[in-house]
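A.B. asks: Quick one: the structure is below, questions incoming.
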Amino acid sequence: MKLLLKRLLDFLSSKELFLWLIILWIGYYLTAAIWWKEAFAHFVISLKYNPISQGLYIVLITGLAIRLVRILKEGRHQALKKAPLLFGLVIFLLGFFLSAITKNVNYVLMGEGESYSPPWEDYTLYVDKVISPLKEEYIDLEEDKGFLKYEPEVFLSDGERQWKIGPYPPKRIGKTYFHILDFGIAPGVRLTEGEKVLREGYMALRLLPPGRRDHFEIEPYPYRFYIKLAPDKVVERDKVKGRSFNLKMPRYDLKILKGEETVAEGLSDTKIEFDGLGLSFFEPAYWVRMEVVRDKGLPFIVSGIILIIIGIPLRLIRWPLKILRH
Amino acid sequence: MSFFIPEAFTVGLKEGVKVLSATLLILCFIKDKLPPIGRKLHLLGLILSILLSIVLSIYGSIYKAESTKFIGYSFGLLYIGSVMALYQSYGLNLMGPLRRLKDYRLFIGLLLLFAPLFLFTAEIMGSLIFLHDLSIIKEKSFATYGSALGGILASVFLYLLAYRYVDKLHIGSFLGLPQLLLSLGIIKLLGGGVKGFAELSLIPSVQKGLVKLFHDMTHQLLIFFMVPDHPLLTISAWNFIGILFGRNITTVAALSILLLPPLIFLYKAFFDPLPEFPDARSGAEKRRLKAEVRTDRRRKAFPVIIFIFVILWGWYSTAGERAATLYNPKPTPVTEDKGIINIPLKDPTTDLLDGRLHKFSFSSGEDIIKFIVIKRLTGTLAVCLDACEICPPEGYGQREEHVICIYCMTPIPVNTVGEPGGCNPIPLEASVTERDVRIEVVEIQKKWQDVKTGKTKESLTR
């Protein structure tokens, strides 16, 4: 029995098995890349759902771990030379695996005053404030400089503590990481019939960069509202004309369709009347799209990468250590 | 002399040189290992491969895309096989109990019979389809096929010339199994393209594949670290990420992935300690045996060095080609307004007068019709369907001053875009004002219908 176990451990930790697993992966990647195109994504998905991929992956990690234990038994110098790289590789692969099978990701659209509770946590977060990073004035001649003054930020609180969250790095709250993935303008929209307000609120739309058109509908009305930011004025630089957009108090270019027919179009400076109804705009709010992630593998991945970076030069250095030993 | 004749000749020459040089290497390898039956089996396999290619090119031309994929795939498998053989030759027992198979002549014989099918069928098929398409486009079948045959005959002449020197150069002594597989890989890499002058070698495809691997791995790391894939980051952070996806880093990384196994082999060939030969009768005999091993290692390292140089040369010699790679923009969806499609000449994201190819897509029922707009060198705009009257509608890309048909890779000078005929994109009637381009939906639908039903040529000649 002991002999059988030794043979099994020798087989699992053998260079031949390691190389075969690498070659199998390369063959799989080649097949997926040529015939199915998105090979790496395919691999990550197969790691999550395919027991064969999972089994082979675990065999790989087990084999490397056994080799690591044997190296540590060889002696101090060998351990110092080989162990960090191998240890880092084991940790990284383990983290990758954990991440593939346990990662939870949610994408949440949030504005000021809204709340959100990750399904795997027992707290609720409230959006205290969204800081708009938009420039007040955007001129399309300066397209290469972008339309942001700085990065967007959002303040979340659970009633006791407050966290400031930006695009990067993600902020950890409990077991969950939060960061901003996208940002946009939510025009304040008011639908009226005479003096009566039928509907009022903010519409989270993709209107950036200026010129981009989005559309929305207001239930139960049979209209589609196509909207884009409209320029305030025309500017001239070096005899080239451009358009200036006020991003703090934007103007909108609107087109209202009922079925395929255009019933109204115009600028938001005044109320737009159509079929006895009126559409007007007030100061916009801002929305953020947050990526909310729980990833048990991330700490392992980070530690693994650090150990690999330390381990590579230690592995490559040969002569000085031989000199040191003698 | 018309351009297509040298192209057909080159295709014939390339295929002939490829097949015959691979054959020469295989025959050198098996020379002392197998009786003449081995050569006959290989020759039979070659004939079967050619016949199969001809049949497939006639009846299976719809599988052209699959054959192109298989060419890249077979190079990859050859490369993996050579790496496995390299490590096997250094004492690793990768074959396990199967290593005894190499002693079985039946197994070797079957390998020799089927190897040409694996190595050559897809490429010969691809080249035959290319020649067929070329002969149709140029409407000169005899000249096209005749030129290709001329190229093949030239390659046979070169083969017969080389065959005289094979014994003198002792080529077989340089070839172990890993070196043979690597050499076959070089041949495939240098001559595996099936698009005539547009793509003679496989190097651009291999580069693209490896660059994508590196990009995918980098992208996966960015996903792990939750780096947003959106320019909300400060410019410095975004620029840092941009470096990882930059051309230089990805080129070097892709090259490193490809060259790592052969470099490890070379390192072991030159720096691994020699065996001790404890059974040697004297010091002189020991030294002689060691010298033999050292010489054999260096001989066997020679094809690996050639492989590395070929890769480096091919990688960087196609840098100029990469600088002028096909620009194929994603179509921008457009909608119609009272039967007219209006496209502004200039808006924050698009400038139709910038000289670049612009693509648009329009949904008409179940069809998605694509059309292109490009400014000619004369300053006027050409508006055409993203399809020609001859080839399957795979569309067009742009390379410098030409618009290129993606299917047949025919370059069309930008100044002639808008003129009907040949491989030119089908022109659309459009009116261009100071502010926009206007196309009637009926015009697009009619021309698209003609393409679908194959009536294009007829309607344009009326």
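Read-outs: derived from the displayed coordinates by stated rules, not from any lab. Given the structure is predicted, the values throughout are model-derived calculations rather than measurements. Don't worry about glycine lacking a Cβ; one is built from the backbone with ideal geometry, like all the others, and counts go over all protein chains shown.
A.B. asks: Got a sec? Charge dipole of chain A, +1 on Cβ for Lys and Arg, -1 for Asp and Glu; which of A:Ile22, A:Leu72, A:Pro51 is way out at the positive end?
C.D. replies: Among A:Ile22, A:Leu72, A:Pro51, the one farthest towards the positive end of the dipole of chain A is A:Leu72.
A.B. asks: List the trypsin sites (Lys or Arg not before Pro) within the stretch B:13-56 that DSSP assigns to loop and that have no more than 12 neighbouring Cβ atoms inside 10 Å.
C.D. replies: The qualifying sites are B:Lys33.
A.B. asks: Would you calculate the volume per residue, in Å³, of the smallest convex hull containing every Cα atom of the stretch A:173-316?
C.D. replies: 234 Å³
A.B. asks: Count charges around A:Val127 for me, please; just the other residues with Cβ under 13 Å from its Cβ, Lys/Arg as +1, Asp/Glu as -1.
C.D. replies: Net charge in that neighbourhood comes out at -2.
A.B. asks: One quarter of the convex hull surface, Cα atoms only: what value does that give for the stretch A:170-222 in nm²?
C.D. replies: 6.4 nm²
A.B. asks: Tilt of helix A:298-316 relative to the longest C-alpha principal axis of chain A, in degrees (0 to 90, nearest 10)?
C.D. replies: 50 degrees
A.B. asks: Work out the mean other chain Cβ neighbour count within 10 Å for the residues of A:28-34 and drop it here as an integer.
C.D. replies: 5
A.B. asks: Within 10 Å of each Cβ in B:218-226, how many Cβ atoms from other chains are there, averaged over the peptide?
C.D. replies: Across the residues of B:218-226, the mean count of other-chain Cβ atoms within 10 Å is 6.
A.B. asks: Find the percent of Cα-Cα distances in the stretch A:122-212 that exceed 17 Å, and round it to a whole number.
C.D. replies: 63 percent
A.B. asks: Let me ask something additional. Over 22 Å between Cα atoms: which of A:Lys15/B:Lys286; B:Lys338/B:Lys370; A:Lys255/B:Lys446; A:Lys233/B:Lys330; A:Lys228/B:Lys446; B:Lys359/B:Lys446 fall into that group?
C.D. replies: Over 22 Å Cα-Cα: A:Lys15/B:Lys286; A:Lys255/B:Lys446; A:Lys233/B:Lys330; A:Lys228/B:Lys446.
A.B. asks: Find the percent of Cα-Cα distances in the protein assembly as shown that exceed 33 Å, and round it to a whole number.
C.D. replies: Considering the protein assembly as shown, 67 percent of its Cα-Cα pairs are separated by more than 33 Å.
A.B. asks: Between helix A:76-102 and chain A, what is the angle of the helix's C-alpha long axis to the longest principal axis, kept within 0 to 90° and rounded to the nearest 10?
C.D. replies: 40 degrees
A.B. asks: Something else now. Binning every alpha carbon pair distance of chain A at 20 Å from zero, what are the percents per bin?
C.D. replies: In whole percents, the pair-distance histogram is 22, 37, 28, 12, 1.
A.B. asks: Can you give the average number of partner chain beta-carbon atoms within 10 Å of each beta-carbon in peptide B:87-94, as a whole number?
C.D. replies: That average works out to 3.
A.B. asks: What ranking, highest mean first, results for peptides B:291-299, A:181-189, B:260-268 when packing means the other Cβ atoms within 10 Å averaged over each residue?
C.D. replies: Answer by packing, highest mean first, reads A:181-189, B:260-268, B:291-299.
A.B. asks: To test your reading of the geometry: what angle, between 0 and 90 degrees and rounded to tens, separates the Cα axis of helix A:2-12 from the longest principal axis of chain A?
C.D. replies: Helix A:2-12 sits roughly 50 degrees off the main axis of chain A.
A.B. asks: Residues with beta-carbon under 10 Å from that of A:Lys248, excluding A:Lys248: net charge, scoring Lys, Arg +1 and Asp, Glu -1?
C.D. replies: Combined, the nearby Lys, Arg, Asp and Glu give -2.
A.B. asks: Using the Cβ atoms and a cut-off under 13 Å, what net charge is assigned to the surroundings of A:Arg70, where Lys and Arg are +1 and Asp and Glu are -1?
C.D. replies: After counting each charged neighbour, the total is +3.
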